[in-house]
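Undergrad: Below is a structure I'd like to ask you about.
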Amino acid sequence: MRFTASRIVFFSTVLLLTAAFSLACMKRSESNAPKETPPPETVIVSRNGSGQYTTIGEALKAVKPGMRVLVRAGVYNEALIIDKPVEIVADVRGAGEQVVLQTFNSSNITMQTDRAVMRGFVIRHRPGWLGTLYYILSEKKRPAVDTPEGELVLEDCDVTSNSGAGIAIHGPTANPVIRRTRIHDGRSNGVWVYDGGQGTLEDCDISATRMAGVRIEDEGNPLLRRCKVHDGGNAGVVVTEGGLGTFEDCEIWSNAFSGFESRNGSNPVVRRTSIHNSKHNGVYIHLDSSGTVEDCQVFNNRNVGVEIEGNSTPLIARSKIFNNAYSDVEICEGSNPIIRECAIYGGQMSGIFVYKGARGTIENCDIFGHANYQEVVIRDGSDPTLKTCRIHDGKVGGVLLLEQAKGTFENCDIYNNGFSGVWIRTGSNPTIRNSKINRNNGVAVLTEQNSAGSVLNCDLTGNMLGSWSDLAGSQLSRRGNIE
């Protein structure tokens, strides 16, 4: 109780001192400057007294719906509640000048109307050491820009928050448009969309947040175009708890965890986006999630390029997945994705690694050039299907199956690999049909004791050590092959 009372006294003292300081600064800024004549349907806010108002809040209370509020350069310690359709524009006159909106005890901007426009502001929520103090003492972690409803058009702004999210979008009627805005150096998420919130973000830069740059949950469904999400202290993008969202022509890089993460039943769409140099996975889809990743590039990530686990079922299409520090694609724990028309190459481990009872349909993919493991590895009873895939130029080999692996290969081309085209081990039982296994440095098909499988109607010619090499006890079925 003593601690709580002392906190209240201390916090109240800080509030009073801050209010007194702000009022003193405001009074000192007023002068006998000549009054400006505003344009039609416009009022001017100026700290030096040359406009009709010295605070934005006063102007908002006075103006009629549809009017414009021009705000001259200066620091405005205000929390704005926008409850009528207005346009609020930062109108600076000199080079290097800014209109700074900062607050400590509430969100800088709270949207409470159908439509409004705000342009050109520097928005600081709980800045500096005093903001850190507020963060420690206050239980409410409010966002800098709070949009629970309506279409707020926020353009050409610069947003930081030393408490909650930079921008929060929530509620089924929230549908803001955010353009050319920098959201950075926040203590929480850069953009947080939840509770069915929507919205469009275009040409925004989201960086250096302690939590995810973008977090979407609870049927949040924003559209992000040409946005950059980078250098965050967590994942670049997290879509969770049934979140949605569409990302187009974005770039996501150099985040501390995964670049893009979908989990807990989420279903986002990612198109024409580059995801690279993450300190963990490039794309991480897990915990019963789905989603679509198409026409993307996923490369140079420090773990797996695309990891799919926990009964997840995404579609990965027409993407380049390459040069990742582990496998370029991993599928595990009962997941069953579709991977179609992808180029998968150059990673340090396998091109595709399927394990822990996973499945998956892999169609018309080009899988090649991996240095330290076979191009395709299937194990632990996993049972994927590969159709019309090209599996080639692996330094170690083409396909490896082990530990009761299954799998079906149809109309595939397996060639120019550094060891055997296909190696069947430890109780594995694949089906390989209508495929070409040629020009490999070992045999076409190598089988070991206690393994089985079927090789049907395949072309096994031109391999350095011949078509077959099997140990006694192999149950391999061979029919209709060209040897």
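The values are calculated or read from the model by the stated rules, or taken from the named source; none is laboratory data. Keep in mind that what you see is a predicted model, and the values were worked out from it rather than measured. Glycine also receives a Cβ, built like all others from the backbone with ideal geometry; neighbour counts cover every protein chain displayed. What goes into the accessible areas is simple: the full protein's heavy atoms, side chains included, and nothing from ligands, DNA or RNA. Shrake-Rupley method; radii C 1.70, N 1.55, O 1.52, S 1.80 Å.
Undergrad: Pairs under 6 Å by beta carbon, first residue on the phi > 0 side of the Ramachandran plot in the range 359-372, partner modelled with pLDDT of 95 or more and open to solvent by 10 Å² or more (accessible area, probe 1.4 Å), six or more apart or different chains?
TA: Gly360/Asn336; Asn364/Glu341; Asn364/Thr388; Gly369/Tyr345; Gly369/Gly346; Gly369/Asp393
Undergrad: Looking at Pro34, Pro65, can you tell me which residue is in a loop (DSSP other than H, G, I, E, B), modelled with pLDDT of 95 or more and open to solvent by 50 Å² or more (accessible area, probe 1.4 Å)? Talk me through it step by step, then tell me what you get.
TA: Values: Pro34 fails: modelled with pLDDT of 95 or more.
None of the other options fit; the residue is Pro65.
Undergrad: Can you name every residue in the range 233-247 that is part of a loop (DSSP other than H, G, I, E, B) and either more than 17 Å from Val298 (Cβ to Cβ) or touching a Lys or Arg at 6+ places or on another chain (Cβ under 6 Å) (or both)? Walk me through it before giving the result.
TA: Applying the first criterion (part of a loop (DSSP other than H, G, I, E, B)) to the range 233-247 yields 233-236, 241-245.
Passing the criteria: Gly233, Asn234, Glu241, Gly242, Gly243, Leu244, Gly245.
Undergrad: Something else about it: Of everything in the range 68-120, what is open to solvent by less than 60 Å² (accessible area, probe 1.4 Å) and farther than 26 Å from Thr37 by Cβ? Give them in sequence order.
TA: Matches in the range 68-120: Ala79, Gln102, Thr103, Phe104, Ser106, Ser107, Asn108, Ile109, Thr110, Met111, Thr113.
Undergrad: A further question on this structure: Would you kindly identify the strands (runs of 3 or more DSSP E) lying entirely within the range 417-483 that contain at least 3 residues that are closer than 18 Å to Phe368 by Cα and of a type outside the set (Phe, Trp, Tyr)?
TA: Counting at least 3 such residues, we get 436-438.
Undergrad: Related question: Of the conditions (1) surrounded by fewer than 18 Cβ atoms within 10 Å (Cβ to Cβ); (2) farther than 20 Å from Val269 by Cβ; (3) under 26 Å from the mean Cα position of the chain (by Cα), Thr388 satisfies every one except a single condition; which number is it?
TA: Thr388 satisfies every listed condition except (3).
Undergrad: If the Cβ limit is 6 Å and pairs must be 6+ apart or interchain, which residue in the range 163-176 that is farther than 21 Å from Ser207 by Cα pairs with which residue that is open to solvent by less than 10 Å² (accessible area, probe 1.4 Å) and not in a loop (DSSP other than H, G, I, E, B)?
TA: Matching pairs, first to second residue: Ala174/Thr147.
Undergrad: Suppose we keep only residues that are charged (D, E, K, R) and not in a strand (DSSP E or B) within the range 333-391. Which one would you say is nearest to Asn301 (Cα to Cα)? Break it down into steps so the answer makes sense when it comes.
TA: Residues of the range 333-391 charged (D, E, K, R): 333, 340-341, 356, 359, 363, 366, 375, 379-380, 383, 387, 390.
Checking the rest, the ones that are also not in a strand (DSSP E or B) come to 333, 341, 356, 359, 375, 380, 383.
Working: Glu333: 22, Glu341: 21, Lys356: 23, Arg359: 24, Glu375: 18, Asp380: 26, Asp383: 27 Å.
By that ranking, first place goes to Glu375.
Undergrad: In addition: Any residue at all in the range 125-138 that's assigned to a strand (DSSP E or B), under 22 Å from the mean Cα position of the chain (by Cα) and under 25 Å from Ala90 (Cα atoms)? Give the steps one after another, and end with the answer.
TA: Of the range 125-138, the ones assigned to a strand (DSSP E or B) are 125.
Going one step further and asking which of them are under 22 Å from the mean Cα position of the chain (by Cα), we end up with none.
No: zero hits.
Undergrad: When the residues of the range 207-225 are narrowed to those that are more than 16 Å from Phe260 (Cβ to Cβ) and in contact with a strand residue (DSSP E or B) (Cβ under 6 Å, 6 or more places away or on another chain), which ends up most open to solvent (accessible area, probe 1.4 Å)?
TA: Top of the filtered list is Asp218.
Undergrad: Sort out which residues of the range 69-116 are in contact with a helix residue (DSSP H, G or I) (Cβ under 9 Å, 6 or more places away or on another chain), of a type in the set (S, T, N, Q) and at pLDDT 95 or above, and write them in order of number.
TA: Of everything in the range 69-116, those that are in contact with a helix residue (DSSP H, G or I) (Cβ under 9 Å, 6 or more places away or on another chain), of a type in the set (S, T, N, Q) and at pLDDT 95 or above turn out to be Asn77, Gln102.
Undergrad: Hey, does the range 239-256 have a residue that's among the hydrophobic types (A, V, I, L, M, F, W, C) and in contact (Cβ under 8 Å) with a residue 40 or more places away in the chain? Break it down into steps so the answer makes sense when it comes.
TA: Filtering the range 239-256 for residues among the hydrophobic types (A, V, I, L, M, F, W, C) gives 239, 244, 247, 250, 252-253, 256.
The next check asks that each one be in contact (Cβ under 8 Å) with a residue 40 or more places away in the chain; those that pass are 239.
Checking the range 239-256: at least one residue is among the hydrophobic types (A, V, I, L, M, F, W, C) and in contact (Cβ under 8 Å) with a residue 40 or more places away in the chain.
Undergrad: Taking Lys406 as the residue in question, decide whether it is closer than 17 Å to Val354 by Cα and among the basic types (Lys, Arg). Walk me through it before giving the result.
TA: Details: closer than 17 Å to Val354 by Cα: yes; among the basic types (Lys, Arg): yes.
So Lys406 fits the description; yes.
Undergrad: Is it the case that some residue within the range 149-163 is closer than 29 Å to Lys84 by Cα, open to solvent by less than 40 Å² (accessible area, probe 1.4 Å) and touching an Asp or Glu at 6+ places or on another chain (Cβ under 8 Å)? Spell out the reasoning first.
TA: Here is the first cut: in the range 149-163, the residues closer than 29 Å to Lys84 by Cα are 149-163.
From what is left, the residues that are open to solvent by less than 40 Å² (accessible area, probe 1.4 Å) are 150, 152-155, 157-163.
Those still in the list that are touching an Asp or Glu at 6+ places or on another chain (Cβ under 8 Å) too: 150, 160.
There is at least one residue in the range 149-163 that is closer than 29 Å to Lys84 by Cα, open to solvent by less than 40 Å² (accessible area, probe 1.4 Å) and touching an Asp or Glu at 6+ places or on another chain (Cβ under 8 Å).
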